[in-house]
Structure formats: C-alpha cells, structure tokens
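Read the structure below first, then the notes.
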Amino acid sequence: MVTANTAASLAIVAHDEMKSRMRDWAVQHERLLSRYRLFATGTTGGIVGAACRSLKIKKLKSGPLGGDQQIGALIAERKVQALIFFVDPMTALPHDVDVKALIRLSIVYDIPFACNEATANLLIEGMAKR
C-alpha cells in the first residue's frame, strides 16, 4: 500500500488537445492522486494544479522546451515509478520524437506507462494496492 511516507512518484503529461481530459481525469481521481508525488510538464502541471488544489505537483518545463526530457531523466534516475501521458492520437505532433523517447525509457526501466484514461485508472488503482 502506498502511504504518505512511501509515496510512489508519478509523472503526468498531456498533449495540448488532451490537457482538458487530463484535468478532468485528475479532478475525478484527486483523492487517489494525492497519495503520490507528482511531476508534470509545465503547462499540464499548471492546468491540473489549478483544478486540483490539494495536489502537490512539481512542475517542470513545458514539454517542447525540455519538460519531456526532464521526465525522461527522472525515469532514468528511478525517481518516477510510473508515467501517465495522455497522447493525442488525432493530431500530427511536431515533437513526436519526445513521445517515443519517453515510451522507450518506460520500457527500458520497466515502469508502467498509461497513454489513455482506462489504463491510467488501472495504473493508479493497482499502485495504490501495493
């Protein structure tokens, strides 16, 4: 079980067209998310933080300005145990290589990676039972 003393860390990221869905998902799961140390890319962290005042979110740089790489470094340093990245499947992404890099690091370091709400639900609920 994840407790305040042994809180796992989650990274949350959302593409522009998915930020409102991430916000709504976080509002719905705010109580459960409060059990985790949260890292987020800048804009996503700002949007989720404004909607979920109880969450303590460490905001990094905006994704295109290096936030994705900062999260990748946290994964490589084993400071993040899971990644929730709401990827926009309908829009061509100019920084698609950043997404691929985070997916690759999630695989290399064997951490759970959720790219949609259904998987994110399973991920946070499953981690809470540890």
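Assorted remarks:
- Close pairs from the stretch 67-93: first part of a loop (DSSP other than H, G, I, E, B), partner of a type in the set (D, E, K, R), Cβ under 9 Å, at least 6 apart: LYS79/ARG37; VAL80/ARG37; ASP88/ASP16; ASP88/GLU17; MET90/GLU17; THR91/ASP16; THR91/GLU17
- In this structure, LEU74 qualifies as at pLDDT 95 or above and either in contact with a Lys or Arg (Cβ under 8 Å, 6 or more places away or on another chain) or surrounded by 13 or more Cβ atoms within 10 Å (Cβ to Cβ) (or both).
- Of all the criteria given as (1) farther than 16 Å from ILE103 by Cα; (2) within 12 Å of the chain's Cα centre (by Cα), the one not satisfied by HIS29 is (2).
- Which numbered condition ILE84 fails, given (1) surrounded by 15 or more Cβ atoms within 10 Å (Cβ to Cβ); (2) in contact with a Ser or Thr (Cβ under 7 Å, 6 or more places away or on another chain): (2)
- Members of the stretch 97-115 found to be farther than 19 Å from ARG37 by Cβ, open to solvent by less than 60 Å² (accessible area, probe 1.4 Å) and not hydrophobic (A, V, I, L, M, F, W, C), listed by number: ASP98
- Residue check, THR43 of a type in the set (Val, Ile, Thr), touching a residue at least 60 places away in the same chain (Cβ under 8 Å), farther than 25 Å from LYS129 by Cα and out of contact with any Leu (no Cβ under 7 Å at 6 or more places or on another chain): no
- Those residues of the stretch 20-66 which are among the β-branched types (Val, Ile, Thr) and either assigned to a strand (DSSP E or B) or loosely packed, with under 15 Cβ neighbours inside 10 Å (or both), in sequence order: VAL27, ILE57
The values are calculated or read from the model by the stated rules, or taken from the named source; none is laboratory data. Predicted model, so just to flag it, every value in this text is computed and none were measured. Don't worry about glycine lacking a Cβ; one is built from the backbone with ideal geometry, like all the others, and counts go over all protein chains shown. The accessibility values were calculated without ligands, DNA or RNA, using every heavy atom of the protein model including side chains. Shrake-Rupley method; radii C 1.70, N 1.55, O 1.52, S 1.80 Å.
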